[in-house]
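The values are calculated or read from the model by the stated rules, or taken from the named source; none is laboratory data. The structure presented is a predicted model; accordingly, all values stated were derived computationally and were not measured. All Cβ positions, glycine included, derive from the backbone under ideal geometry; neighbour counts span all protein chains shown. When the accessible area is computed, the model is the full protein with side chains, heavy atoms only, and any ligands, DNA or RNA have been set aside. Shrake-Rupley method; radii C 1.70, N 1.55, O 1.52, S 1.80 Å.
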Amino acid sequence: MFFQQIINGLTVGGVYALIALGYTMVYGILELINFAHGEIYMLGAYLGIIFLGIFTAMGLTQYSLFLSLLLTFIFSVTFCSAYGFTIEKLAYKPLRKAPRLSPLISAIGVSIFLQNYVMLTQGATDKVFPHIMETTKIEFFNATMTALQVFIIVTSLLLMSLLHLYVMKTKTGKAMRAVAQDKVMASLLGINIDRIISVTFIIGSGLAAVAGLMVAMYYGLVNYYIGYIAGIKAFAAAVLGGIGSIPGAILGGFVLGIIESMGAGYLSSEYKDAYAFVILIIILLIKPRGLLGKSAKDS
Amino acid sequence: MLLLKDIHTFYGNIEAVKGIDLHVDKGEIVCLIGSNGAGKSTALMTISGILKPKNGGILFEGEEIHKLPPHQIVSRGISQVPEGRRIFPRLTVMENLEMGAYSVNSYQLSVVRKHPPLIPPLTRVDTGGVTTQLEKVFELFSVLKERRNQLGGTLSGGEQQMLAIGRALMSNPKLLLLDEPSLGLAPIFVIKIFKTIRELNSEGLTILLVEQNAKAALRLANRGYVMESGKVIKEGKGAELPHDADIKKAYLGE
Ligand SMILES: Nc1ncnc2c1ncn2[C@@H]1O[C@H](COP(=O)(O)OP(=O)(O)OP(=O)(O)O)[C@@H](O)[C@H]1O
Ligand SMILES: [Mg+2]
C-alpha cells in the first residue's frame, strides 16, 4: 500500500511539477500569477487527442506507435508554446506598466476565454484519449507500476533536468536569472527583456503541454475544465516550494502529489483535493515563503 | 561623441530633468556634480534609454539614440555603472561578468545568422573578443578572478563596485557612464576606483562621471557640469570649476 501510493504520488507529482514550473518562472520574472497557465495544460491534452487522431487516421500509429506519439508531443508542445507566446504579447505586454492588478485580471479573462473557446469548438462532454500504451506492469514490494507511470516519471525528471541545465548553463538561461533579479540592470547590460519574457512563456507553455498530454494518457479522459483544478493545484505546488524558485516548484509538485495519494490511500479519496491545501496552509504558517523560497533579505 | 540637446525627463508628472544641454567629446573625462536630487542619475538613465525624454534629443556619434530601447543603446557602445552598483546577488561573479558581455555575443550571433554556415558551429567562436576583455578586467581587478565562483551578493561593497565596473567594461564600450562609483566606499577603495578611471581614460575610454566627491572628481575631469534641481547651472574646465566662488561654497565645503 505504502509503495503503491508513493508510485502514484510521484506520477501525478511529476505532472504538477511540470505545470508549477511555468507558474514559478513567469512569477520570477514578471511577478505575475499567470492564471491562464492551467488552460495551456488543458489545450495540450486536447491537442494531443487531435494530433494523435490525425496520425492514427493516417495509419502512422499502426505503423509505429513511438513515432506517432513523438510527433504528437512535438506538435502539441509547439502549438501550446505558440499560444503562450501570443497570450503574453496580446494580454500581458500592453499592461507591463499598468497597476499590478490589471495583468492579473487580464489573465483571468484569458483563462475564461480559452475554456469557453474549447467548450464551443470541442463540446462540453468528456473526450476520450485512446488507450495506446500496453499495460505492462512491473511488480515490486507488493506494488505495481505500469509502463505509463514509468514513462510519466522518467519524462518529467528528464525535462526538469534539461530545464535546470538550460537555466544554469546557457546564455539565455543566465539572462533569465539576471532579469528575475534586476530588470533595469539587465537592460543596462544589453539584455532584451521582451525577448527573455517571450522565451519564458514559450518554455513554460511547452512544459504544461507535455503535462497535459501525459495526464490525458494517464486518466484517459479530457474535459474543457481540467485546466482549472490542475492549475490551482500546480500553483499551490509552486507556492509550497517557494514561488519564483525552480527547484521549489519541482519539490512542491512531488510533495503535493505524494500527500494527495497518501491521503487518498489511507484516509478517504473523497477529500483528495483538500489534503493538498491543508498541508499547504500548514507549511506556509511555518515557512511563509515556501520550502525553498528566498528569504526577505536576499530577494 | 555624445550630445544632449534640451533634455526633459519626467517621472509621471514630476519633471526631474528640466532641459539640460551637455556634451562629451571623444577621449574626455566629463564630470557631473550637484546636490542630492539634482537629477544626475535621471540624466544618466535617460542617456541609457531606461527613461525616455519627453522633449529634446540625444546624439551618439551623430546618431539619434533617444528613441532606441536600452539594449540597442548598449550595443552602440554606451555602458553604465548605475548608482548602488546593482550586482546580481544570486549570480556568481563570473556570471555577472558574462552578463556584461551579453550584447557582444548577441551581435555576433546575428552576424552568423545572416550567413548561415552549412554546419552550425557547436561552440560559439569568440570573434567579439570577450575572452580578451575578461582578461583585461581580471588584470584591472585581480580580486574578481579570485572570487569568480562566489555569489555576487557575498562580496564587500568595494569588491561589488569593482565588479560593477568590470561588468560594464565587458561589452568593450566607447563611452562609460559612472554614477557615484565612490559612494559609501572605504578610502582605500575610493583611491583604487579613481586610479582605475584615470587608467581606463588614458587607454582611450571616454567617461561621463557623476560624483558627490566633487573635489576628487573635478581634479580628474577635463570638464565639469554642475546641476541643480534639474538644470545645468554651471559648466567649465575641470581645473577652473573648483575655484569658482559658488562651487566652493556649495560643493567643496570651503
Ligand atoms: N522613480 C522616481 N519616481 C519619482 N521621482 C523620482 C524617482 N527617482 C527620482 N525621482 C526624483 O527626481 C529627482 C532627481 O532624482 P535623481 O535621482 O536623478 O537625483 P540625483 O542627482 O541622482 O541625486 P543623488 O545625488 O541623491 O543620487 C529627485 O527630486 C527625485 O526625488
Ligand atoms: Mg543619483
*Report, ordered by the first and then the second residue, all pairs with beta carbons closer than 7 Å, sequence separation of six or more or different chains, a first member in the range B:79-104 that is farther than 15 Å from B:T131 by Cα, and a second member that is among the hydroxyl-bearing types (S, T, Y).*
B:S79/B:S171; B:Q80/B:S48; B:E83/B:S41
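Condition test on B:D25, is it farther than 21 Å from B:L205 by Cβ, away from chain A (no Cβ under 14 Å) and away from ligand 1 (no atom under 15 Å from the Cβ)? Reasoning before the result, please.
On the way: farther than 21 Å from B:L205 by Cβ: no; away from chain A (no Cβ under 14 Å): yes; away from ligand 1 (no atom under 15 Å from the Cβ): yes.
So B:D25 does not fit the description; no.
Return yes or no: is B:S48 within 14 Å of chain A (Cβ to nearest Cβ), of a type outside the set (A, V, I, L, M) and within 16 Å of ligand 2 (Cβ to nearest atom)? Full working, then the answer.
Numbers: within 14 Å of chain A (Cβ to nearest Cβ): yes; of a type outside the set (A, V, I, L, M): yes; within 16 Å of ligand 2 (Cβ to nearest atom): yes.
Considered against the rule, which asks whether it is within 14 Å of chain A (Cβ to nearest Cβ), of a type outside the set (A, V, I, L, M) and within 16 Å of ligand 2 (Cβ to nearest atom), B:S48 comes out as yes.
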*For the range B:181-237, how many residues meet the condition of being within 17 Å of B:E159 (Cβ to Cβ) and either within 14 Å of ligand 1 (Cβ to nearest atom) or within 14 Å of chain A (Cβ to nearest Cβ) (or both)?*
4
*Single residue of B:H23, B:H8 found to be more than 13 Å from ligand 2 (Cβ to nearest atom) and in contact with a Lys or Arg (Cβ under 6 Å, 6 or more places away or on another chain)*: B:H8
*Would you pick out the residues in the range B:158-180 that are away from chain A (no Cβ under 12 Å), of a type in the set (D, E, K, R) and within 16 Å of ligand 1 (Cβ to nearest atom)?*
B:E180
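Can you find even one residue in the range B:87-110 that is within 16 Å of ligand 1 (Cβ to nearest atom), β-branched (V, I, T) and under 30 Å from B:E146 (Cα atoms)? It would help to see each step written out before you state the result.
Within the range B:87-110, the subset within 16 Å of ligand 1 (Cβ to nearest atom) is none.
No, because not a single residue in the range B:87-110 is within 16 Å of ligand 1 (Cβ to nearest atom), β-branched (V, I, T) and under 30 Å from B:E146 (Cα atoms).
Yes/no per residue for (1) among the charged types (D, E, K, R); (2) in a helix (DSSP H, G or I); (3) within 20 Å of the chain's Cα centre (by Cα); (4) at pLDDT below 90:
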| site | (1), (2), (3), (4) |
| --- | --- |
| B:M99 | no, yes, yes, no |
| B:V104 | no, yes, yes, yes |
| B:Y107 | no, yes, no, yes |
| B:P120 | no, no, no, yes |
| B:T123 | no, no, no, yes |
| B:T127 | no, no, no, yes |
| B:T131 | no, yes, no, yes |
| B:K145 | yes, yes, no, no |
_Close pairs (7 angstrom Cβ cut-off, 6 or more residues apart or separate chains): closer than 13 Å to B:N222 by Cα in the range B:180-209, open to solvent by 20 Å² or more (accessible area, probe 1.4 Å) and charged (D, E, K, R) anywhere_ = B:T206/B:K26; B:T206/B:E28; B:T206/B:K174
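Would it be correct to say that A:S198 is closer than 30 Å to A:Y275 by Cβ and at pLDDT 95 or above?
Values: closer than 30 Å to A:Y275 by Cβ: no; at pLDDT 95 or above: yes.
Answer is no for this residue.
Looking at the range B:67-85 only, could you name the residues that are in a loop (DSSP other than H, G, I, E, B) and crowded, with 21+ Cβ neighbours inside 10 Å? Walk me through it before giving the result.
Here is the first cut: in the range B:67-85, the residues in a loop (DSSP other than H, G, I, E, B) are B:67-69, B:77, B:82-85.
Hits for the range B:67-85 are B:P82, B:R85.
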